[in-house]
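Since the structure comes first, as structure tokens, the remarks are kept for the end.
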Amino acid sequence: MSETTEPTGQDFIRTAIRSYLETGTNRSVITRFPPEPNGYLHIGHAKSICLNFGIADEFSGRCHLRFDDTNPAKEELEYIESIKRDVSWLGFDWGEHLYYASDYFEQLYEWALYLIDEGLAYVDDLSAEEMREFRGTLTEPGRNSPHRDRSIDENRALFEQMRAGDFDDGAKVLRAKIDMASGNINLRDPVLYRILRAEHPRTGNAWCIYPTYDFAHGQSDAIEEITHSLCTLEFEDHRPLYDWFIEKLPVPSEPKQYEFSRLELTHTVLSKRKLIQLVQEGHVKGWDDPRMPTISGLRRRGVPPGAVRDFVSRLAIGKNKGTVEIEMLEFCIREYLNTHAERRMAVLNPLKVVIENYPEGQVEEFEAKNNPAVEDAGTRKVPFSRVIYVDRDDFMEDPPKKFFRLGPGREVRLRFAYAITCAEIVKDANGEVTELRCTYDPESKGGKTSDGRKVKGVIHWVSAEHGIPFEARLYDHLFREAEPGKSGEVLDDLNPNSLEVVMEGIAEQSLFNAAPGEVFQFERTGYFSVDPDTDGKRLVVNRTVGLRDTWGKMQKA
């Protein structure tokens with residue numbers, strides 16, 4: 001099932017915001033993006049980022065970036081910095097509104113004491129396993145903890161001792177006192193605080209108790225006076241709990257939560273747990289491996305932020321769950337790069353061609369457009385000489401009738417240069433073709449011929465004397481199956497051919513000073529970005545996306 005698209009600005013969240021503004025409130029729209037810094041962001045997060053920051057901009061409000069740093073056992077400064085970098089790369093600016101849940105630890109602690117004093121929270125000694133047993137099931141109510149009826153004074157004293165470090169990790173928790181018989185399991189006396197001795201990235205060892213996400217989340221929104229708390233559908237059943245906290249606590253504002261469907265993408269996993277597994281077990285080369293759906297992986301692959309924003313803008317903002325074909329993302333990348341990436345000639349699988357009637361030592365320069373799709377993209381000079389390289393796929397020793405490329409006696413036009421005809425094939429001792437001997441038509445410069453004949457085939461090439469070597473990393477889907485893990489383990493569906501490394505590429509000399517991150521269209525081959533592994537000795541490129549567009553064709557059918 002595919003996630004449908006809908007007209008921009010017509011989704012239920014924007015409708016709710018318009019209604020909010022029409023009430024005459026003097027408050028501006030304030031949204032937030034609240035990631036937990038326990039991993040790298042992925043393309044699914046991009047949907048939330050673009051929605052939260054985009055809506056704030058659309059309605060002249062603001063969006064906060066707030067880190068939900070309530071679990072120091074899994075959080076690192078590395079993740080905090082990577083998230084900042086990713087949000088900025090996508091084109092969004094939180095300005096002075098950078099916050100952390102840890103900014104509110106003292107206030108959250110005071111509110112926990114408030115709940116205790118109101119008889120709405122208690123310290124529980126049940127183990128995690130016992131709590132699961134007491135919680136009940138979706139069809140059976142839970143049972144009250146034997147510690148639920150402790151006095152207010154005893155609960156306050158125990159909670160203060162928890163903060164002081166008087167108990168071992170896991171010995172006690174603070175729970176809200178709501179309703180163990182509730183049909184919503186989230187309301188069955190959820191945990192508010194647990195004892196956890198782990199050094200926090202920002203507060204160090206100042207705390208040994210930490211609030212749960214469910215307790216910190218809504219209250220942090222209230223402190224920051226968030227007007228519209230936008231989150232994915234898995235938090236829909238948590239909303240009654242968040243509303244309960246807002247109702248019972250003396251918070252400064254009352255945020256309203258709206259849930260939308262999360263992004264699911266074919267041939268991809270977006271579970272943070274599974275992505276961590278891919279990295280830790282070495283199935284990929286890190287969080288920024290270009291096969292990963294992480295934003296850092298997309299960036300390294302050469303995907304431009306504008307293409308990601310365009311992709312997200314085409315997604316439905318609704319409550320219907322669905323899966324988006326990865327071809328739609330590739331279509332958006334291709335559409336963006338078509339008008340933003342300069343063209344270059346590069347040969348991935350070089351075959352030597354000697355043009356026998358071209359003067360030895362002579363070099364010509366042909367003017368080539370950097371991007372025919374952009375009028376003011378300018379031009380560059382491409383050197384041409386007697387010995388060139390063409391792609392081996394552009395030659396067949398026994399070509400079929402409709403093969404309009406090189407073959408014995410066949411004529412093709414070299415892009416920007418001359419028409420050449422294959423006159424002789426040179427092979428090695430094993431019978432492998434190692435070289436072609438060709439002739440050129442001096443009167444065919446620029447695509448014209450002296451006798452008016454038409455040369456159907458056009459191929460790219462690189463001057464052997466001026467070309468530079470490069471390594472190309474050709475990426476395919478990380479998973480073979482559209483729904484990884486549907487019929488078994490996710491790792492069983494890994495694509496063994498997700499990466500092919502080509503070591504002997506030859507590119508035109510204008511790529512000599514190409515910088516990491518730059519993206520080019522290699523004529524007739526695909527879009528490639530310069531990888532950070534590039535150094536002064538070797539150019540390394542990643543295939544961002546091929547030239548073939550199946551998704552776009554399907555949409556037009």
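Assorted remarks:
- Listing of strands (runs of 3 or more DSSP E) fully contained in region 403-451 that carry 1 or more residues being in contact with a His (Cβ under 9 Å, 6 or more places away or on another chain): 411-414
- Filter result (crowded, with 23+ Cβ neighbours inside 10 Å and assigned to a loop (DSSP other than H, G, I, E, B)) within region 208-226: I226
- Residues of region 360-388 that are under 14 Å from A464 (Cα atoms) and outside any strand (DSSP E or B): E360, G361, Q362, V363, S385, R386.
- Test: residue in region 342-350 that is acidic (D, E), surrounded by fewer than 16 Cβ atoms within 10 Å (Cβ to Cβ) and more than 30 Å from G407 (Cβ to Cβ): no
- Scanning region 181-198 for residues that are buried (at least 18 other Cβ atoms within 10 Å of the Cβ) and part of a loop (DSSP other than H, G, I, E, B) yields R188, D189, P190.
- Counted residues, region 70-117 - those being over 25 Å from the mean Cα position of the chain (by Cα), crowded, with 16+ Cβ neighbours inside 10 Å and not charged (D, E, K, R): 10
- In the set G165, G204, only one residue is under 18 Å from E106 (Cα atoms) and more than 37 Å from the chain's Cα centre (by Cα); that residue is G165.
- Complete set of residues in region 345-354 that are part of a strand (DSSP E or B) and over 28 Å from I295 (Cα atoms): V347, P350, L351, K352, V353, V354
- Residue check for N357: polar (S, T, N, Q), surrounded by fewer than 20 Cβ atoms within 10 Å (Cβ to Cβ) and not in a loop (DSSP other than H, G, I, E, B): no
- Output for region 483-508, where each listed residue is surrounded by fewer than 17 Cβ atoms within 10 Å (Cβ to Cβ), of a type in the set (S, T, N, Q) and in contact (Cβ under 8 Å) with a residue 12 or more places away in the chain: N495, N497
- Candidate set from region 292-316 (those that are aliphatic (A, V, I, L, M) and under 22 Å from S271 (Cβ atoms)); member that is nearest to the chain's Cα centre (by Cα): I295
- Conditions (1) closer than 30 Å to Y40 by Cα; (2) in contact (Cβ under 8 Å) with a residue 24 or more places away in the chain; number of the one not met by D117: (1)
- Flag for R386 being among the basic types (K, R) and in contact (Cβ under 8 Å) with a residue 40 or more places away in the chain: no
- Residues satisfying the stated conditions in region 120-168, i.e. of a type in the set (G, A, S) and surrounded by 12 or more Cβ atoms within 10 Å (Cβ to Cβ): A121, S127, G136, G142, S145, A157, G165
- Inclusion of L115 among residues that are modelled with pLDDT of 95 or more, in contact with a Lys or Arg (Cβ under 7 Å, 6 or more places away or on another chain), assigned to a helix (DSSP H, G or I) and within 18 Å of P190 (Cα to Cα) is warranted.
- Checked against the criterion of being within 20 Å of A216 (Cβ to Cβ), touching a residue at least 12 places away in the same chain (Cβ under 8 Å) and among the basic types (K, R), the candidates R175, R143, R135 yield just one match: R175.
- When A316, A216 are checked against the criterion of being assigned by TED's automatic domain parsing to the domain that holds K47 and either of a type outside the set (D, E, K, R) or over 30 Å from D549 (Cα atoms) (or both), A216 stands alone in meeting it.
- Meets criteria (at positive phi and surrounded by fewer than 19 Cβ atoms within 10 Å (Cβ to Cβ)) for G282: yes
- Of the helices (runs of 4 or more DSSP H) lying entirely inside region 6-92, those containing at least 2 residues that are out of contact with any Lys or Arg (no Cβ under 6 Å at 6 or more places or on another chain), touching a residue at least 24 places away in the same chain (Cβ under 8 Å) and under 15 Å from H228 (Cα atoms) span 12-22, 43-58.
- Within region 439-475, the residues that satisfy the criterion of being charged (D, E, K, R) and surrounded by fewer than 15 Cβ atoms within 10 Å (Cβ to Cβ) are E443, K448, D451, R453, K454, K456, E465.
The values are calculated or read from the model by the stated rules, or taken from the named source; none is laboratory data. On a predicted model such as this, the values are computed, not experimentally measured, just so you know. A quick note on method: Cβ atoms are made from the backbone with ideal geometry, for glycine too, and the neighbour counts reach across all protein chains shown.
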